[in-house]
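Here is the structure we will look at.
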Amino acid sequence: MTIRAATHDDIDVLARILVSGFHATYEGLVDPEWLAAKTEDEYRGKWREWLDSDGFYALVSCLDDGTPVGVVSFGKLKTPPPGVSLIRPLYTAEIYAIYILPEYWRQGHGLKLMQAATESLLTMKHKSMCLWALEANKRAGAFYTTLGGQRIGKRDIEAGARKAREVCFGWRDTKPILAHAKQ
């Protein structure tokens, strides 16, 4: 597997990865009508916008033949955990999204993407980071905890006709992510 920067040439596959991962991850956890409304067309436009944004970074995990199967996006902190000072934040960076095509789950793509994002953030002088995940997504929560993430906050979000709870995982020091080996 290889990790490389996402480009505008990847927009179609990025939309497919995000929507496929979104549907596989959140089925049964959120309002089904709200989830069904998430389409690749919608996310093609969003990826164009995101890739053109200052301070937005995205990396893709590719198979040996170059086919992208996972994506991580990250940058400066946008959604701070509750109670965190914006003047002297404990967390300066954020993973905005990380999704893998479901048929490639548990093959190391998530770990490699987290490590590559961490390395990139460290070169930008970000030694700490956080990310938000649905509390009901136990698989993701276990993954982030294994990488040293600590639950540091929660919030309720609208997900169609249902509310959902998100939890924030934080790393005051991201270096342990880099030391973690695939198990």
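Here is how the numbers come out for the structure above:
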read-out: Any hit, region 58-72, residues being small (Gly, Ala, Ser), touching a residue at least 24 places away in the same chain (Cβ under 8 Å) and in contact with a Phe, Trp or Tyr (Cβ under 6 Å, 6 or more places away or on another chain); value: no
read-out: Enumeration of residues in region 127-139 that are under 16 Å from Tyr96 (Cβ atoms) and modelled with pLDDT under 90; value: Leu134, Asn137
read-out: Single unsatisfied condition, Arg106 versus (1) in a loop (DSSP other than H, G, I, E, B); (2) within 16 Å of the chain's Cα centre (by Cα); (3) farther than 18 Å from Thr25 by Cβ; (4) of a type outside the set (S, T, N, Q); value: (3)
read-out: Members of region 28-57 found to be under 16 Å from Ala136 (Cβ atoms) and in contact with a helix residue (DSSP H, G or I) (Cβ under 7 Å, 6 or more places away or on another chain), listed by number; value: Leu35
read-out: Count - residues of region 137-158 that are surrounded by 17 or more Cβ atoms within 10 Å (Cβ to Cβ) and not in a helix (DSSP H, G or I); value: 6
read-out: Single match in Thr67, Thr118, Thr39, Thr92 (criterion: out of contact with any Asp or Glu (no Cβ under 9 Å at 6 or more places or on another chain) and buried (at least 18 other Cβ atoms within 10 Å of the Cβ)); value: Thr118
read-out: Residues of region 143-176 satisfying the condition of being under 16 Å from Ala97 (Cβ atoms), of a type in the set (Gly, Ala, Ser) and without any contact (Cβ under 8 Å) to a residue 40 or more places away in the chain; value: Gly149
read-out: Close pairs from region 95-114: first farther than 16 Å from Asp64 by Cα, partner in a loop (DSSP other than H, G, I, E, B) and of a type outside the set (S, T, N, Q), Cβ under 6 Å, at least 6 apart; value: Leu111/Lys182
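The values are calculated or read from the model by the stated rules, or taken from the named source; none is laboratory data. Not measured: the values here are computed from a predicted model. So basically every Cβ, Gly included, is an ideal-geometry build from the backbone, and we count neighbours across all protein chains shown.
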